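Engineer: One structure coming up, written as structure tokens, with questions to follow.
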Amino acid sequence: MTFRYDDLSKRQRQFVDALAAQTQNPNVDRQYLLDIIDATDIYTVPPAWIVQDSRRRTDTRGVYHVPEIREAVHTISTAAPEPVAAPAAAPVTVAAAPTMNLAGAAVMGMTGGDRAHLIPSRESTYVPWGHFSSIEKILKAKIFYPTFVTGLSGNGKTTMIEQVCAKLKRPCYRVNITKQTDEDDLLGGFRLIDGNTVWCDGPVVKAMEDPAGGVLLLDEIDLGSTNIMCLQSVLEGKGVYLKKIGRWVTPAAGFTVLATANTKGKGSDDGRFIGTNVMNEAFLDRFPVTLEQEYASRSTEKKILTKAMAAVSIDDADFGDHLVKWAEIIRKSFAEGAVDEIISTRRLVDIVKAYAIFDDKMTAINMAIARFDDDTKEGFLNLYTKVDGDDVVATEAAPTDWSSMDPDARIELNVGYENKDDAKNLGAKWDGDKRTWYTTAGHLATDDRLTAFNPIAPTQDVECPF
């Protein structure tokens with residue numbers, strides 16, 4: 001049997017109109033129906049003519065087929081199209097864009113339709129740190145300001161952006177970039193739907209036109225090829241011309257672009273991030289700022305693991321402390337070129353989850369580092385047993401008598417990005433080559449406020465086991 005829009009009752013057509021104002025997809029789930037019901041007075045419960053009609057059920061439980069939506073889209077009044085200049089030999093006709101009827105407008109204003117599902121959920125275990133406040137300021141400003149976020153894997157770049165969007169209730173259109181990503185994937189293209197060739201907007205266009213201020217997240221952007229150059233005008237905030245259908249898309253207020261990458265667009269010489277490419281300089285230049293995301297400071301990482309443990313009903317502060325120390329030593333060894341692998345914050349959280357499942361610390365750690373080569377795995381395991389056995393001197397056990405040391409002796413500090421301004425105001429200095437904060441023993445002897453950043457005296461350096 002064929003379902004036709006004209007065969008519906010007046011009340012049924014009103015409900016389909018409300019659906020069509022939000023989506024062209026003829027398959028809708030039960031939650032979507034409930035959202036429309038909450039925003040209108042058409043029905044109080046999901047209509048029986050949809051949910052109780054066995055012919056409308058799809059292979060996916062709780063999803064119903066309402067093909068009348070597509071007919072409704074074409075019956076909604078249209079605005080007159082603006083002329084688009086084109087060569088005389090090849091005139092271009094711009095299809096009229098559908099506008100909402102009153103019922104549809106009510107739904108859009110009250111529920112946000114599809115946009116409500118694009119706002120990330122807030123994670124109760126998330127700890128704001130790093131560039132969280134910077135990203136928040138950028139999105140709050142609602143100024144078009146493309147931002148490039150770079151850093152080693154597993155340090156929370158993508159999650160940070162998603163959680164800022166969750167906090168500000170901004171729709172986030174995340175696109176995972178690959179070598180195959182092209183204009184059709186990003187801007188849109190023709191799709192075969194119900195036997196008809198239909199134009200479907202891509203995530204970039206949807207983000208640009210989202211009246212709630214869409215945030216386009218280009219994840220792992222350095223994996224893309226030159227095909228992503230189609231975003232040049234988008235990154236200038238000027239909009240984009242969809243040449244296949246002759247339509248000009250202008251970004252709505254609040255739209256902006258955020259990109260994440262493991263490199264700075266110059267490729268990966270060491271092979272750690274295979275597949276990353278040397279990106280076009282003109283493309284990169286359209287990002288006004290680059291935010292470098294380091295791994296979290298020791299204190300912040302402890303908070304992250306504490307929350308991760310609480311989420312899986314683990315109460316073992318010592319284990320979290322040992323994991324953080326272990327990862328910190330490995331990262332220092334990595335920075336010095338002593339090892340080729342690194343323990344990310346994400347991997348530490350994975351170890352916590354494995355511990356909750358298998359109830360054995362060493363089993364959890366073994367599983368987490370099993371992908372490394374045998375020598376590296378053995379070295380990491382040996383190091384952890386030393387940390388857990390208190391064989392490694394705790395770096396926060398700084399001497400109390402700084403005056404007994406050489407006044408010019410360099411003292412390393414554990415300063416996270418979120419605390420850099422406080423450290424600087426207290427006289428700490430930044431070493432750009434080693435990317436660390438430091439002070440001198442003489443400074444600490446006269447002003448001990450910097451001891452809050454766990455100073456590491458030369459005699460306390462952890463001996464690299466690798």
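The values are calculated or read from the model by the stated rules, or taken from the named source; none is laboratory data. This structure is a prediction, so every number in the text was calculated from the model and none was measured. Surface accessibility is based on the protein's heavy atoms, side chains included, excluding ligands, DNA and RNA. Shrake-Rupley method; radii C 1.70, N 1.55, O 1.52, S 1.80 Å.
Engineer: Ratio of alpha-carbon Rg to the 2.2 N^0.38 Å globular estimate for the stretch 281-324, to two decimals, please.
Structural biologist: 1.86
Engineer: What lysines does LYS238 reach when the alpha-carbon gap must be under 30 Å and sequence neighbours fewer than 8 apart in one chain are set aside?
Structural biologist: In chain and number order, the partners are LYS137, LYS140, LYS142, LYS157, LYS167, LYS169, LYS179, LYS206, LYS264, LYS266.
Engineer: Report relative contact order for the stretch 189-273 in percent, whole number only (criteria: Cα-Cα under 8 Å, sequence separation at least 6).
Structural biologist: 33
Engineer: Rounded, prolate or oblate: which one fits the stretch 304-351, using the alpha carbon gyration tensor with axes a ≥ b ≥ c (rounded when a/c is under 1.5, else prolate when a/b beats b/c, else oblate)?
Structural biologist: Prolate.
Engineer: If you don't mind, there's one more thing I want to ask. Give the long-range amide H neighbours of ARG57: residues separated by 5 or more places, or on another chain, with amide H under 5 Å away, using H modelled in the peptide plane at 1.01 Å from N.
Structural biologist: Correct list: HIS65.
Engineer: OK, next. Take every Cα-Cα distance within the stretch 264-346, group them into 5 Å bins from 0 onward, and report for each bin the whole-number percent of pairs it holds.
Structural biologist: 3, 12, 16, 16, 15, 12, 13, 8, 4, 1, 0
Engineer: Can you give the accessible area of GLU136, probe radius 1.4 Å, in Å² rounded to 10?
Structural biologist: 20
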